[in-house]
Amino acid sequence: MFWESITLAFTTIIRNKLRTFLTVLGVVIGVAAVIAMVTIGQGSSAQVNASVSALGTNVLTVRPGTRGFGPPVGGGAAAPRFSLKDAEVLATLPEVGYAAPVVSSGQTVVFGNANAATQVYGTNNDYTRVQNWPLSAGRSFEPHEETAGSAVCVIGQTVASKLFDRSDPIGQIIRVKNVACPVIGVLQARGAGSFGQDQDDLVLMPAKTVQRRLEGNNNVDSIAVALRKSVSSEDGIKAVSQVLRERRRIGLTQTDNFSVSDMKELANMLGGVNAVLTGLLSSVAAVSLLVGGIGIMNIMLVSVTERTREIGIRLAVGASAGQVLMQFLVEAVVLSLLGGAVGIGVGLALAYGGSVFMAIPFAPSGAVVALAFGFSALVGVVFGYFPARRAARLDPIEALRHQ
């Protein structure tokens with residue numbers, strides 16, 4: 001009887017092609033949307049993890065007055081800034097390989113008739129070592145240039161493209177604010193960062209140059225620290241924190257007015273945000289499955305009404321109520337499974353197209369595909385049961401009289 005019910009279900013589905021298409025459309029959209037959202041979300045998570053890993057797992061970021069990448073603590077913006085001496089002291093620690101001060105300044109750089117708004121970072125040669133960011137042309141700062149605060153620049157690929165198009169920027173003089181700055185080097189291209197920002201849109205200058213000639217103070221906004229390979233993040237954070245507490249004269253009972261965070265914290269934060277967004281979008285997409293289930297129930301109720309006389313004949317010749325129930329329930333499940341199968345294909349295709357468009361890894365999950373397909377079957381059972389039960393409870397005599 002079960003296989004006969006499946007045969008009858010497919011016969012009915014094939015006989016009413018347009019109705020079948022409109023019935024399963026909601027399930028197709030729901031399954032496709034869930035699979036596409038989750039797959040793209042997993043791909044973006046993989047991209048974030050890859051970007052963070054490229055920065056190095058042994059890289060620490062030291063900031064005044066903030067807890068990692070979160071809300072301000074310890075006085076917030078009022079917390080005292082660092083100095084170049086702080087970075088120099090950190091560089092001498094046995095746990096630290098490199099330490100680079102970072103002085104950030106938003107500026108417009110000009111060359112001839114071309115100009116570009118960019119971010120200028122005052123730092124030293126350790127910055128490219130910490131970031132594992134080699135040059136594609138030219139050279140880095142000389143020690144005497146860092147010490148004297150000379151006006152020399154290393155530019156990113158985006159700045160080079162905006163100002164010089166395809167010509168060689170090495171040796172050319174650009175203007176940063178009111179400072180004439182010879183270009184001595186060009187960084188290799190890196191592309192978009194973890195937050196989608198253009199990492200190549202920057203200019204590096206000696207820290208003292210930015211402090212004195214652009215910002216007019218001696219503040220250091222943050223310090224980038226690269227630990228030695230044999231040192232764990234926990235040990236490195238402990239050593240850096242201890243030195244900074246001493247230099248900033250923080251008492252034993254006082255809270256740090258600075259933060260030391262590693263890339264794991266950034267990865268966890270971005271992963272958590274991405275998971276929440278993916279879950280939210282998937283939940284919204286799953287509503288389509290509910291709508292599709294309601295569509296299946298409505299069409300099945302119409303089918304029961306249209307086939308009332310057929311049901312009466314089946315009951316009159318000896319079919320049990322359970323057999324009639326099985327016939328309509330199987331038909332509803334077959335409809336939902338058909339929509340689920342088509343939805344899987346559509347969802348994977350959409351996810352692949354989205355991954356290519358967004359330049360993120362295509363990361364389909366077998367578990368998510370199986371869950372979406374199983375949920376589509378559950379939709380067929382839940383929303384097909386009421387019409388099937390209604391068909392099974394029809395009175396044979398009244399059903400045979402139905403016109």
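Filtered by the rule that a residue be at pLDDT 90 or above, outside any helix (DSSP H, G or I) and of a type in the set (A, V, I, L, M), region 76-95 gives a lone residue, LEU93. State whether the residues of region 318-341 include one that is surrounded by fewer than 17 Cβ atoms within 10 Å (Cβ to Cβ) and modelled with pLDDT of 75 or more. Within region 318-341, one or more residues are surrounded by fewer than 17 Cβ atoms within 10 Å (Cβ to Cβ) and modelled with pLDDT of 75 or more.
Return yes when VAL130 is under 26 Å from VAL96 (Cα atoms) and modelled with pLDDT of 90 or more and no when it is not. So VAL130 fails the test.
Inside region 113-140, residues that are more than 33 Å from the chain's Cα centre (by Cα) and in contact (Cβ under 8 Å) with a residue 24 or more places away in the chain make up a count of 4. Residues that are free of Cβ contacts under 8 Å to residues at least 60 places away in the same chain and under 21 Å from LEU289 (Cα atoms) within region 353-372 comprise GLY366, ALA367, ALA370, LEU371, listed in sequence order.
Residues in region 288-338 that are in contact (Cβ under 8 Å) with a residue 40 or more places away in the chain, among the β-branched types (Val, Ile, Thr) and within 20 Å of VAL382 (Cβ to Cβ): VAL291, ILE294, ILE296, ILE299, VAL304, VAL324, VAL330, VAL333, VAL334.
Here THR11 meets the list (1) surrounded by 15 or more Cβ atoms within 10 Å (Cβ to Cβ); (2) modelled with pLDDT under 90; (3) of a type in the set (Val, Ile, Thr) almost entirely, failing just condition (1). Here ILE237 fulfils each of the conditions (1) in contact (Cβ under 8 Å) with a residue 60 or more places away in the chain; (2) assigned by TED's automatic domain parsing to the domain that holds GLY106; (3) under 29 Å from the mean Cα position of the chain (by Cα) apart from (2). Checking every residue in region 304-325 against the condition of being closer than 21 Å to VAL28 by Cβ and either in the same structural domain as VAL38 (by TED's automatic domain parsing) or in a helix (DSSP H, G or I) (or both) gives zero matches.
The values are calculated or read from the model by the stated rules, or taken from the named source; none is laboratory data. Everything numeric in this text was worked out from a predicted model, so none of it was measured. We place every Cβ from the backbone using ideal geometry, glycine too, and count neighbours over all the protein chains shown.
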